[in-house]
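Working notes, beginning with the structure itself.
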């Protein structure tokens with residue numbers, strides 16, 4: 001970025017630097033008045049004598065040039081001194097920060113003024129999206145499903161009577177200003193034959209914080225402070241809910257972990273108890289959002305369960321936000337077999353009861369052969385974009401190349417963030433700054449995300 005970063009609008013430094021300069025000039029004027037111009041007069045006389053000795057004549061123009069040089073030099077010294085002062089304070093307050101001072105200030109200012117984005121979902125897909133979101137805005141809220149009943153989360157749910165912390169943990173880590181050691185600790189899963197075997201440390205940590213702080217919401221807030229989370233993570237409900245699926249043959253399957261095992265086409269998703277209330281934080285985040293994003297993630301067990309919670313569905317319909325659905329790139333065996341993007345969108349609309357989406361982001365990138373063979377063996381296949389069919393529903397389709405180059409076929413956080421940024425800019429939802437500097441900010445954020453991915 002260099003010195004030009006100091007000229008970027010919106011960092012709230014130049015105005016105070018200018019005010020400091022004005023103060024210095026007023027002090028100089030005040031001193032001149034106190035001493036009745038005597039010192040200034042003597043200095044002026046000295047300059048005139050020096051001018052006469054060097055040029056052989058008196059020159060007011062030369063004096064003015066000299067004065068201008070001194071004025072610029074003074075401003076330069078004040079600028080350098082102020083910068084060094086800020087750097088010294090900055091190095092003490094945030095010693096671990098890398099990169100230039102102005103880059104950090106500029107990024108934080110832009111992130112703070114970024115659009116209010118609420119993401120609704122759960123599972124791995126949601127955390128993947130959030131890794132890119134934290135480089136777009138600090139005003140991001142993840143509304144996470146509370147229906148997980150398997151693994152460590154399921155055990156803690158049964159033994160402690162809390163909502164499953166697994167998806168909440170992954171979202172907190174995704175939005176955290178990451179310390180690699182802390183992330184490894186939060187994701188560590190105990191081995192062996194002890195009672196702790198199979199438990200994730202992060203799940204135990206969240207459960208402990210929930211008890212220590214007197215509730216899950218307070219526990220999540222405390223955990224967010226410890227992890228330096230950029231944004232908020234809130235559960236869709238605090239009730240102990242269980243998912244229920246009605247299959248195409250009329251049979252009923254209970255439990256989030258059991259539904260995919262049935263290997264039947266899902267007709268309708270339900271929730272027990274049906275009257276489970278939404279958290280106030282989730283409803284407020286949806287109602288006050290500039291952008292509402294659904295997915296990516298398991299359609300029936302991660303995204304739709306949030307829309308079954310009392311209050312969430314109504315808030316989604318009432319919200320004036322731009323509503324975007326990010327479709328998965330691969331089908332999920334036992335849940336969305338043979339589904340294309342159109343079937344995903346139709347399932348969402350059917351469970352909400354009306355057309356509420358403005359945009360659908362779909363992947364139009366082919367899956368590499370080696371990756372595809374592995375997934376086909378497991379019963380998964382690429383999701384077709386179905387662009388024309390979705391447009392017939394009155395929804396704008398945004399096709400993009402979104403697949404990660406890593407072993408797993410999933411969304412690339414950087415590619416997905418770029419698509420969302422372009423859409424947000426196009427809709428003028430990114431504040432009132434100059435587009436050039438917004439674009440510059442975007443480039444810096446994507447570089448940081450790419451660096452993080454390379455380190456991973």
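The values are calculated or read from the model by the stated rules, or taken from the named source; none is laboratory data. Being a predicted model, the structure only gives us computed values, none of them experimental. With ideal geometry, Cβ positions are generated from the backbone for all residues, glycine too; neighbour counts draw on all protein chains shown.
Residues 295, 334: which one is on the phi > 0 side of the Ramachandran plot and touching a strand residue (DSSP E or B) at 6+ places or on another chain (Cβ under 7 Å)? Before the answer, list the steps.
Working: 334 fails: touching a strand residue (DSSP E or B) at 6+ places or on another chain (Cβ under 7 Å).
It is 295.
It is to be established whether one or more residues within the stretch 230-253 are assigned to a helix (DSSP H, G or I) and surrounded by fewer than 20 Cβ atoms within 10 Å (Cβ to Cβ).
No.
Checking the structure you have, find out if any residue of the stretch 354-370 is without any contact (Cβ under 8 Å) to a residue 12 or more places away in the chain, out of contact with any helix residue (DSSP H, G or I) (no Cβ under 7 Å at 6 or more places or on another chain) and not in a loop (DSSP other than H, G, I, E, B).
Within the stretch 354-370 (the criterion being without any contact (Cβ under 8 Å) to a residue 12 or more places away in the chain, out of contact with any helix residue (DSSP H, G or I) (no Cβ under 7 Å at 6 or more places or on another chain) and not in a loop (DSSP other than H, G, I, E, B)), the answer is yes, since at least one residue qualifies.
Considering only the stretch 216-225, I want to know if a residue exists there that is more than 30 Å from residue 336 (Cβ to Cβ) and either part of a strand (DSSP E or B) or over 23 Å from the mean Cα position of the chain (by Cα) (or both).
No, the conditions are met nowhere in the stretch 216-225.
From (1) assigned to a loop (DSSP other than H, G, I, E, B); (2) surrounded by fewer than 19 Cβ atoms within 10 Å (Cβ to Cβ); (3) at pLDDT 90 or above, pick out the condition that doesn't hold for residue 407.
(3)
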